[in-house]
Amino acid sequence: MNEFFLNPFKPGAGHMPPHLAGRDIEKQEFLYLISQKVILNNMVLTGLRGVGKTVLLNTFKPLAIQNNWLWVGADLSESASVSEGNLALRLMTDLAVLTSNIIIQKDDITKIGFHSESNSVEIKLTFNYLVALYKKTPGLVIDKLKFILEFVWQSIKDLNINGLIFAYDEAQNLSDQALKEQYPLGILLDVFQSLQKKDIPFMLVLTGLPTLFPKLVNSRTFSERMFRVIILKRLKENDSREAILKPIENKNCPVKLTDKSVDIIVKQSGGYPYFIQFICRETYDLFISQLKVGKDPGVPINEITRKLDSDFFAGRWARATDRQRELLLIISQLPNSNEEFAVQEVVDLSKKNMEKPFSNSHVNQMLNSLTTAGLIYKNRYGKYAFAVPLLDQFIIRQGKNNE
Ligand SMILES: Nc1ncnc2c1ncn2[C@@H]1O[C@H](COP(=O)(O)OP(=O)(O)O)[C@@H](O)[C@H]1O
Ligand SMILES: [Mg+2]
């Protein structure tokens, strides 16, 4: 037995798995998008938390670069209420990483009507330079941004590249705020649509929770046509098996799993990548300790489930009030709790199963607050779904524990 073979599994947001299973169709789709000469389609990559959006986005980057595309981007987790000005700064910050070593001639600047204070004949497109140019450009944020992006394209288009990708993770955090008259999302969409109409190959790749695409359409209806939406789902059975077995197939790996153990992990994880990594990581450690004391290893699924409940679900569950928990329990008992459901279905089941059933308006109101708490989301067609994978099974377990 090789004691130094480290546990390869990586449960954690954005942690690259030891083997990225499946996702061939999604990669093909991305390759198609970067084969466009004129950008008619951009990408939205969406799905529940833990389904593998971030790591898939990270694997697109080398694919893009191999195909002569440039790549800039950022994680928007922290930008809950970004203003238009902040959006412009965000784009220039990301661009500058790429352009700060690009040198242009002072002549080129004066030709387009700008006076340059610099004495040298060569100018570098640093962040400070872009911001100064942005400030000097007349007009609204949208005019300034268009100008900067077009200017950058003029400066890089002879580098023999196919285009430039702007990749934003957690993009559901972008919001228009009518009350504050700030429309960063609308501006982002307007700017890219305008550039793409001029055949400038700048493409948006946005990833985020299922609320992302409805938000885009809400801001600009043309988003319907502007984006190909890829909904990332749980892994298929074969791919789940690969995600479990590939990382331990090395002959030096001390952990071997029987078919039965693999079956248990596939079933218990529901094929959700985060849960696969979590269960496999725990199983691996337990196997190692059991092997040391000469025990016959198996997958201790109850113990692992308990740990998953406290590590992953409990924090989210804690955000719900007692009455909200009663509602969630009813929803978990719907035959379609794992898919989408309508308010009326919940009302009907509560009449059947509860002494104090919920009224229609009550359910509506509670689903709204549960949406804000991040436990539920509303899809484009006005139906609801759990915002956390396998939450229904967790809730049923809670219900049983309380009996
Ligand atoms: N295709 C895959 N195969 C195996 N594990 C994966 C796969 N995709 C994601 N994972 C694992 O799942 C977890 C969640 O991935 P992440 O990209 O952070 O999800 P999301 O961004 O959708 O919340 C990580 O631990 C990652 O290693
Ligand atoms: Mg992510």
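Computed from the coordinates by the stated procedures, all read-outs in this text should not be read as laboratory data. Values in this document were obtained by computation on a predicted structure and should not be read as measured data. Virtual Cβ from ideal backbone geometry, glycine too; neighbours counted across all protein chains shown.
When N counts the residues of the range 237-315, how does its alpha-carbon radius of gyration compare numerically with 2.2 N^0.38 Å, as a ratio?
Numbers: Rg = 12.3 Å, N = 79, 2.2 N^0.38 = 11.6 Å.
Cα-based Rg divided by the globular estimate yields 1.07.
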Calculated FRET efficiency for the pair residue 83/residue 302, C-beta based, R₀ 35 Å, to 0.05: 0.10
Selection from 64, 394, 194, by position along the positive dipole direction of the chain (Cβ): 394
Dipole magnitude (debye, nearest 20) for the chain, charges at Cβ of Lys, Arg, Asp, Glu: 240
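Given a Förster distance of 51 angstrom, what is the FRET efficiency for residue 323 paired with residue 124, based on the Cβ-Cβ distance and rounded to 0.05?
Numbers: r = 60 Å, r/R0 = 1.18.
The pair residue 323/residue 124 has a calculated efficiency of 0.25.
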Value at 222 nm in deg cm²/dmol, rounded to 500, when DSSP H runs of n ≥ 4 in the chain each add -39,500 (n - 2.57): -15000 deg cm²/dmol
The range 282-347 versus the range 82-99: alpha-carbon centroid distance in Å: 40
Over the chain - Rg/Rh using Cα atoms and the Kirkwood inverse-distance radius: 1.04
Centroid-to-centroid separation of the range 210-281 and the range 125-198 [C-alpha atoms, Å]: 33
Debye-sum result for the range 319-402 in log10 I(q)/I(0), which assumes one identical scatterer on each alpha carbon, at q = 0.14, 0.15, 0.16, 0.17 Å⁻¹: -0.40, -0.46, -0.53, -0.61
Computed log₁₀ I(q)/I(0) - Debye formula, equal Cα scatterers, no solvent, the range 24-231, q 0.09, 0.10, 0.14 Å⁻¹: -0.34, -0.43, -0.84
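With an 8 Å cut-off on Cα pairs and a minimum separation of 6 or more residues, tell me the relative contact order of the chain in percent.
Numbers: 539 pairs, mean separation 84.5, N = 403.
For the chain, the relative contact order is 21 percent.
For the range 224-305, state which GluC sites (Glu not before Pro) are in a DSSP loop and have at most 12 other beta carbons lying within 10 Å of their beta carbon.
Numbers: sites: 224, 237, 242, 249, 282, 303; in loops: 249.
Answer in residue order: 249.
Going by average Cβ density within 10 Å per residue, which order do the peptides 17-25, 131-139 take, highest to lowest?
Numbers: 17-25: 16.9, 131-139: 13.8.
In descending order of packing, they fall as 17-25, 131-139.
Restrict the search to the range 242-311; then list the trypsin sites (Lys or Arg not before Pro) that DSSP places in a loop and that have at most 15 other Cβ atoms within 10 Å of their Cβ.
Details: sites: 251, 256, 260, 267, 281, 292, 295, 306, 307; in loops: 251, 256, 295.
The qualifying sites are 251, 256, 295.
Might you report the magnitude of the Cβ-based charge dipole of the range 309-355 about its Cα centre, with Lys and Arg at +1 and Asp and Glu at -1, to the nearest 20 debye? Intermediate values should be presented prior to the final figure.
On the way: 6 positive and 9 negative charges, 34 e Å.
That gives a dipole near 160 debye.
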Rounded to 5, the percent of DSSP beta bridges in the chain classed as antiparallel: 30
Assigned charges on the beta-carbon of Lys, Arg, Asp, Glu; the range 24-231 dipole about Cα centre (debye): 200
Selection from 258, 279, 269 lying farthest towards where the dipole of the range 237-315 points positive, charges on Cβ: 258
Loop sites in the range 304-393: GluC sites (Glu not before Pro), DSSP, at most 12 other Cβ within 10 Å: 339, 355
The range 24-231, relative contact order in percent, only Cα pairs under 8 angstrom and at least six apart counted: 36
